[in-house]
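Novice: Please find one structure pasted underneath; my questions will follow.
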Amino acid sequence: MATSALDTVIGGTTTASDPQGAANHFKKGLECEKTGDRAAAIEHFRAAVERDSQPEHVFRLAFMLDMVGEENEAIKYYTQLSKRTEPHINALVNLAVLHEDRGEMHDAERCLRKVLESQPNHARARLFMKDVGASKEALYDEGDQRDEAKRKAELDTPVTDFELSVRSRNCLKKMNIRTLRDLLMITKPELLSYKNFGETSLVEIEAMLTQRGLRLGEGLDQGFVARAAKEYIDSLTDRVDAGTLAKPVGSMDLSVRARRALQLLGVQSIGELAARTEAELMGVKNFGQNSLDEIKRKLVEMGLSLRELE
(Lines give C-alpha, C1' and ligand atoms only; values in the text may rest on other atoms or scores of the structure.)
Protein backbone atom coordinates (compact mmCIF):
# COMPACT_ATOMS: atom_id res chain seq x y z
CA MET A 1 0.00 0.00 0.00
CA ALA A 2 1.32 3.46 -0.88
CA THR A 3 2.43 5.67 1.98
CA SER A 4 1.00 9.19 2.11
CA ALA A 5 3.20 12.25 2.13
CA LEU A 6 2.16 12.83 5.74
CA ASP A 7 3.45 9.47 6.89
CA THR A 8 6.83 9.10 8.62
CA VAL A 9 9.02 6.01 8.80
CA ILE A 10 10.53 5.44 12.27
CA GLY A 11 12.71 2.38 12.99
CA GLY A 12 11.17 0.53 10.07
CA THR A 13 7.58 1.25 11.22
CA THR A 14 5.33 3.53 9.18
CA THR A 15 3.34 5.99 11.33
CA ALA A 16 1.16 8.98 10.49
CA SER A 17 2.97 12.30 10.80
CA ASP A 18 1.59 14.43 13.63
CA PRO A 19 3.73 17.57 14.05
CA GLN A 20 1.47 19.11 16.67
CA GLY A 21 1.26 15.94 18.73
CA ALA A 22 5.03 15.58 18.46
CA ALA A 23 5.53 19.16 19.67
CA ASN A 24 3.26 18.56 22.67
CA HIS A 25 5.09 15.37 23.69
CA PHE A 26 8.47 17.04 23.18
CA LYS A 27 7.43 19.92 25.45
CA LYS A 28 6.24 17.52 28.14
CA GLY A 29 9.50 15.57 27.76
CA LEU A 30 11.54 18.69 28.45
CA GLU A 31 9.42 19.41 31.54
CA CYS A 32 9.99 15.90 32.85
CA GLU A 33 13.69 16.20 32.15
CA LYS A 34 13.87 19.39 34.25
CA THR A 35 12.20 17.67 37.19
CA GLY A 36 14.60 14.73 36.95
CA ASP A 37 12.00 12.21 35.79
CA ARG A 38 14.12 10.69 33.03
CA ALA A 39 11.91 7.66 32.45
CA ALA A 40 8.88 9.84 31.73
CA ALA A 41 11.01 12.19 29.62
CA ILE A 42 12.16 9.27 27.47
CA GLU A 43 8.58 8.11 26.92
CA HIS A 44 7.49 11.59 25.79
CA PHE A 45 10.56 12.03 23.54
CA ARG A 46 9.93 8.60 22.05
CA ALA A 47 6.31 9.58 21.34
CA ALA A 48 7.49 12.82 19.76
CA VAL A 49 9.92 10.97 17.47
CA GLU A 50 7.21 8.49 16.46
CA ARG A 51 4.95 11.38 15.40
CA ASP A 52 7.56 13.62 13.77
CA SER A 53 11.24 12.66 13.58
CA GLN A 54 12.65 16.14 13.73
CA PRO A 55 16.42 16.20 14.48
CA GLU A 56 15.72 18.02 17.74
CA HIS A 57 13.31 15.29 18.84
CA VAL A 58 15.66 12.44 17.86
CA PHE A 59 18.68 14.05 19.55
CA ARG A 60 16.86 14.61 22.83
CA LEU A 61 15.66 11.02 22.87
CA ALA A 62 19.19 9.73 22.13
CA PHE A 63 20.66 12.01 24.79
CA MET A 64 18.27 10.83 27.52
CA LEU A 65 18.82 7.18 26.56
CA ASP A 66 22.54 7.87 26.82
CA MET A 67 22.03 9.38 30.30
CA VAL A 68 20.25 6.27 31.64
CA GLY A 69 22.80 3.85 30.19
CA GLU A 70 20.81 2.61 27.20
CA GLU A 71 23.88 2.93 25.00
CA ASN A 72 22.82 0.65 22.15
CA GLU A 73 19.60 2.51 21.50
CA ALA A 74 21.29 5.89 21.99
CA ILE A 75 23.91 4.93 19.41
CA LYS A 76 21.15 3.93 16.98
CA TYR A 77 19.54 7.38 17.15
CA TYR A 78 22.83 9.29 17.19
CA THR A 79 23.87 7.34 14.10
CA GLN A 80 20.63 8.29 12.33
CA LEU A 81 21.43 11.95 12.94
CA SER A 82 25.05 11.52 11.81
CA LYS A 83 23.90 10.26 8.40
CA ARG A 84 21.84 13.31 7.55
CA THR A 85 22.90 15.63 4.74
CA GLU A 86 23.82 18.12 7.42
CA PRO A 87 25.01 15.94 10.32
CA HIS A 88 23.98 16.92 13.81
CA ILE A 89 27.21 18.19 15.43
CA ASN A 90 26.31 17.38 19.04
CA ALA A 91 25.07 13.95 17.99
CA LEU A 92 28.41 13.26 16.32
CA VAL A 93 30.38 14.37 19.38
CA ASN A 94 28.25 12.30 21.76
CA LEU A 95 28.46 9.33 19.41
CA ALA A 96 32.25 9.68 19.38
CA VAL A 97 32.31 9.60 23.18
CA LEU A 98 30.24 6.40 23.26
CA HIS A 99 32.52 4.76 20.70
CA GLU A 100 35.57 5.78 22.73
CA ASP A 101 34.06 4.30 25.90
CA ARG A 102 33.63 1.03 24.02
CA GLY A 103 37.20 1.09 22.76
CA GLU A 104 36.02 1.66 19.18
CA MET A 105 38.66 4.29 18.50
CA HIS A 106 38.45 4.31 14.72
CA ASP A 107 34.68 4.92 14.83
CA ALA A 108 35.17 7.67 17.40
CA GLU A 109 37.84 9.31 15.29
CA ARG A 110 35.65 9.16 12.18
CA CYS A 111 32.81 10.99 13.98
CA LEU A 112 35.12 13.68 15.30
CA ARG A 113 36.68 14.25 11.90
CA LYS A 114 33.22 14.92 10.44
CA VAL A 115 32.67 17.54 13.15
CA LEU A 116 36.03 19.21 12.57
CA GLU A 117 35.53 19.24 8.81
CA SER A 118 32.56 21.55 9.24
CA GLN A 119 33.72 23.31 12.43
CA PRO A 120 37.54 23.16 12.65
CA ASN A 121 37.61 25.11 15.91
CA HIS A 122 34.98 23.09 17.75
CA ALA A 123 36.58 23.04 21.22
CA ARG A 124 34.91 19.87 22.53
CA ALA A 125 35.63 17.90 19.37
CA ARG A 126 39.26 19.01 19.36
CA LEU A 127 39.64 17.98 23.00
CA PHE A 128 38.09 14.55 22.42
CA MET A 129 40.22 14.06 19.30
CA LYS A 130 43.32 14.39 21.49
CA ASP A 131 41.88 11.84 23.93
CA VAL A 132 41.11 9.42 21.11
CA GLY A 133 44.62 9.82 19.72
CA ALA A 134 46.14 9.09 23.13
CA SER A 135 43.84 6.07 23.60
CA LYS A 136 44.77 4.67 20.19
CA GLU A 137 48.46 4.94 21.05
CA ALA A 138 47.84 3.19 24.36
CA LEU A 139 45.97 0.38 22.60
CA TYR A 140 48.76 -0.02 20.08
CA ASP A 141 51.32 -0.11 22.90
CA GLU A 142 49.33 -2.78 24.74
CA GLY A 143 49.00 -4.76 21.53
CA ASP A 144 52.71 -4.48 20.87
CA GLN A 145 53.48 -5.64 24.40
CA ARG A 146 51.20 -8.66 24.04
CA ASP A 147 52.72 -9.52 20.69
CA GLU A 148 56.21 -9.12 22.09
CA ALA A 149 55.44 -11.36 25.08
CA LYS A 150 53.95 -14.00 22.80
CA ARG A 151 56.92 -13.78 20.46
CA LYS A 152 59.38 -14.02 23.35
CA ALA A 153 57.64 -17.10 24.74
CA GLU A 154 57.81 -18.74 21.32
CA LEU A 155 61.49 -17.93 20.87
CA ASP A 156 62.31 -19.31 24.31
CA THR A 157 60.80 -22.70 23.43
CA PRO A 158 63.45 -25.46 23.82
CA VAL A 159 64.40 -27.12 20.54
CA THR A 160 63.75 -30.46 22.28
CA ASP A 161 60.02 -29.61 22.10
CA PHE A 162 60.08 -29.89 18.31
CA GLU A 163 59.85 -33.09 16.28
CA LEU A 164 63.45 -33.53 15.21
CA SER A 165 65.54 -36.65 14.70
CA VAL A 166 67.93 -37.81 17.41
CA ARG A 167 70.88 -36.91 15.16
CA SER A 168 69.64 -33.33 14.71
CA ARG A 169 68.90 -32.97 18.42
CA ASN A 170 72.37 -34.18 19.39
CA CYS A 171 74.07 -31.85 16.93
CA LEU A 172 72.13 -28.84 18.18
CA LYS A 173 72.92 -29.78 21.78
CA LYS A 174 76.65 -30.02 21.05
CA MET A 175 76.48 -26.63 19.31
CA ASN A 176 74.87 -25.19 22.47
CA ILE A 177 71.67 -24.37 20.57
CA ARG A 178 69.06 -24.76 23.30
CA THR A 179 66.09 -22.67 22.17
CA LEU A 180 64.31 -21.54 19.03
CA ARG A 181 65.92 -18.13 19.56
CA ASP A 182 69.39 -19.72 19.44
CA LEU A 183 68.46 -21.48 16.21
CA LEU A 184 67.40 -18.21 14.55
CA MET A 185 70.80 -16.77 15.41
CA ILE A 186 72.57 -19.48 13.41
CA THR A 187 73.07 -19.33 9.66
CA LYS A 188 73.00 -22.21 7.21
CA PRO A 189 76.81 -22.06 6.63
CA GLU A 190 77.38 -22.22 10.38
CA LEU A 191 75.28 -25.35 10.76
CA LEU A 192 76.87 -27.08 7.80
CA SER A 193 80.36 -26.19 9.05
CA TYR A 194 79.82 -28.16 12.26
CA LYS A 195 81.23 -31.67 12.41
CA ASN A 196 78.72 -34.46 11.62
CA PHE A 197 75.98 -32.01 10.70
CA GLY A 198 74.71 -32.93 7.25
CA GLU A 199 72.20 -31.87 4.61
CA THR A 200 69.51 -34.22 5.97
CA SER A 201 69.50 -32.51 9.35
CA LEU A 202 69.56 -29.11 7.67
CA VAL A 203 66.50 -29.93 5.55
CA GLU A 204 64.68 -31.25 8.61
CA ILE A 205 65.37 -28.11 10.67
CA GLU A 206 64.52 -25.74 7.84
CA ALA A 207 61.19 -27.54 7.30
CA MET A 208 60.36 -27.21 11.00
CA LEU A 209 61.11 -23.47 10.91
CA THR A 210 59.16 -22.94 7.70
CA GLN A 211 56.04 -24.41 9.31
CA ARG A 212 56.28 -21.61 11.88
CA GLY A 213 56.99 -18.87 9.36
CA LEU A 214 60.64 -18.68 10.44
CA ARG A 215 64.02 -19.25 8.85
CA LEU A 216 67.64 -19.79 9.82
CA GLY A 217 69.52 -16.60 10.54
CA GLU A 218 66.31 -14.59 10.93
CA GLY A 219 67.50 -13.27 14.27
CA LEU A 220 70.40 -11.58 12.52
CA ASP A 221 67.90 -9.42 10.61
CA GLN A 222 65.89 -8.49 13.69
CA GLY A 223 68.59 -7.05 15.92
CA PHE A 224 69.00 -10.11 18.15
CA VAL A 225 72.57 -10.33 16.99
CA ALA A 226 73.37 -7.00 18.59
CA ARG A 227 72.35 -8.30 22.03
CA ALA A 228 74.14 -11.61 21.54
CA ALA A 229 77.28 -9.82 20.38
CA LYS A 230 77.18 -7.51 23.38
CA GLU A 231 76.99 -10.46 25.78
CA TYR A 232 79.94 -12.12 24.07
CA ILE A 233 81.97 -8.90 24.01
CA ASP A 234 81.30 -8.39 27.72
CA SER A 235 82.72 -11.85 28.36
CA LEU A 236 85.95 -10.83 26.61
CA THR A 237 86.66 -7.84 28.87
CA ASP A 238 88.20 -10.16 31.46
CA ARG A 239 91.22 -10.72 29.22
CA VAL A 240 91.17 -7.84 26.73
CA ASP A 241 91.01 -4.11 27.38
CA ALA A 242 87.54 -2.65 26.72
CA GLY A 243 89.14 0.17 24.75
CA THR A 244 90.62 -2.34 22.30
CA LEU A 245 87.26 -4.02 21.79
CA ALA A 246 85.62 -0.67 21.07
CA LYS A 247 88.14 0.33 18.38
CA PRO A 248 86.77 0.48 14.82
CA VAL A 249 87.71 -2.38 12.51
CA GLY A 250 89.21 0.28 10.22
CA SER A 251 92.12 0.51 12.65
CA MET A 252 93.10 -3.11 11.87
CA ASP A 253 94.57 -2.16 8.45
CA LEU A 254 92.70 -4.93 6.62
CA SER A 255 92.61 -5.59 2.90
CA VAL A 256 89.84 -4.07 0.78
CA ARG A 257 88.06 -7.42 0.35
CA ALA A 258 88.08 -8.11 4.08
CA ARG A 259 86.82 -4.60 4.88
CA ARG A 260 83.95 -4.94 2.39
CA ALA A 261 82.92 -8.25 3.91
CA LEU A 262 82.76 -6.69 7.36
CA GLN A 263 80.73 -3.80 5.98
CA LEU A 264 78.19 -6.25 4.54
CA LEU A 265 77.91 -7.91 7.94
CA GLY A 266 77.50 -4.55 9.67
CA VAL A 267 80.60 -5.15 11.82
CA GLN A 268 81.95 -1.85 13.11
CA SER A 269 84.16 -2.59 16.11
CA ILE A 270 86.88 -5.12 16.89
CA GLY A 271 84.68 -6.57 19.64
CA GLU A 272 81.83 -7.10 17.17
CA LEU A 273 84.27 -8.85 14.82
CA ALA A 274 85.43 -11.20 17.56
CA ALA A 275 81.78 -12.06 18.26
CA ARG A 276 81.41 -13.46 14.74
CA THR A 277 82.17 -17.02 13.69
CA GLU A 278 84.24 -18.34 10.78
CA ALA A 279 81.06 -19.61 9.12
CA GLU A 280 79.44 -16.17 9.25
CA LEU A 281 82.43 -14.59 7.53
CA MET A 282 82.76 -17.35 4.96
CA GLY A 283 79.07 -16.97 4.15
CA VAL A 284 79.69 -13.47 2.74
CA LYS A 285 79.90 -13.36 -1.05
CA ASN A 286 83.48 -13.24 -2.42
CA PHE A 287 84.95 -13.72 1.07
CA GLY A 288 87.65 -16.39 0.83
CA GLN A 289 90.09 -18.31 2.98
CA ASN A 290 92.85 -15.71 2.51
CA SER A 291 90.66 -12.96 3.96
CA LEU A 292 89.63 -15.23 6.82
CA ASP A 293 93.26 -16.04 7.65
CA GLU A 294 94.09 -12.33 7.51
CA ILE A 295 91.38 -11.43 10.03
CA LYS A 296 92.25 -14.31 12.33
CA ARG A 297 95.90 -13.29 12.30
CA LYS A 298 95.09 -9.68 13.16
CA LEU A 299 92.84 -10.78 16.03
CA VAL A 300 95.48 -13.10 17.46
CA GLU A 301 97.91 -10.16 17.57
CA MET A 302 95.45 -8.47 19.93
CA GLY A 303 94.89 -11.57 22.06
CA LEU A 304 91.54 -12.34 20.41
CA SER A 305 89.95 -14.90 18.14
CA LEU A 306 86.68 -15.41 16.32
CA ARG A 307 83.82 -16.87 18.34
CA GLU A 308 83.61 -20.65 18.16
CA LEU A 309 80.50 -22.77 18.36
CA GLU A 310 80.74 -25.15 21.30
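Novice: List the residue pairs whose Cβ atoms are under 6 Å apart, where the first residue sits in segment 119-132 and is on the phi < 0 side of the Ramachandran plot, the second is β-branched (Val, Ile, Thr), and the two are 6 or more positions apart or on different chains.
Specialist: Sorted first by the residue in segment 119-132, then by its partner, the pairs are HIS122/VAL115; ARG124/VAL93; ALA125/VAL93; ALA125/VAL115.
Novice: Sticking with this one: Starting from residues that are among the hydroxyl-bearing types (Ser, Thr, Tyr) and touching a helix residue (DSSP H, G or I) at 6+ places or on another chain (Cβ under 6 Å), keep the ones in segment 188-210 and report whichever is modelled with the highest pLDDT.
Specialist: Selected residue: SER201.
Novice: While we're looking at this one, here's another question. Within the bounds of segment 275-297, is there any residue that is within 36 Å of the chain's Cα centre (by Cα) and over 15 Å from PRO189 (Cβ atoms)?
Specialist: yes
Novice: Another question, if that's okay. Limited to segment 44-81, what total is found for residues that are among the basic types (Lys, Arg) and modelled with pLDDT under 90?
Specialist: Taking segment 44-81 and keeping what is among the basic types (Lys, Arg), we get 46, 51, 60, 76.
If we keep only those that are modelled with pLDDT under 90 too, we end up with none.
Number of matching residues: 0.
Novice: I'd like the full set of residues that are more than 17 Å from ARG84 (Cβ to Cβ) and in a helix (DSSP H, G or I), limited to segment 113-122. Full working, then the answer.
Specialist: Pass one, segment 113-122, residues more than 17 Å from ARG84 (Cβ to Cβ): 116, 120-122.
LEU116, the sole residue that qualifies.
Novice: Continuing with this model, one more query. With the condition kept exactly as written, say whether any residue in segment 248-257 is closer than 26 Å to ILE177 by Cα and surrounded by 15 or more Cβ atoms within 10 Å (Cβ to Cβ).
Specialist: Checking segment 248-257: not a single residue is closer than 26 Å to ILE177 by Cα and surrounded by 15 or more Cβ atoms within 10 Å (Cβ to Cβ).
Novice: Is there a residue in segment 163-184 that is at pLDDT 80 or above, loosely packed, with under 11 Cβ neighbours inside 10 Å, assigned to a helix (DSSP H, G or I) and not aromatic (Phe, Trp, Tyr)?
Specialist: Yes, segment 163-184 has at least one match.
Novice: Out of segment 244-260, which residues are modelled with pLDDT under 85 and under 16 Å from LEU299 (Cα atoms)?
Specialist: Taking segment 244-260 first, the residues modelled with pLDDT under 85 are 256-257, 260.
None; the set is empty.
Novice: Find the helices (runs of 4 or more DSSP H) located wholly in segment 243-310 whose residues include 1 or more that are farther than 27 Å from LEU216 by Cα, and list them.
Specialist: 256-265, 289-301
Novice: Now for a different question. If we scan segment 53-62, do we find a residue that is in a loop (DSSP other than H, G, I, E, B) and acidic (Asp, Glu)?
Specialist: no
The values are calculated or read from the model by the stated rules, or taken from the named source; none is laboratory data. On a predicted model such as this, the values are computed, not experimentally measured, just so you know. Don't worry about glycine lacking a Cβ; one is built from the backbone with ideal geometry, like all the others, and counts go over all protein chains shown.
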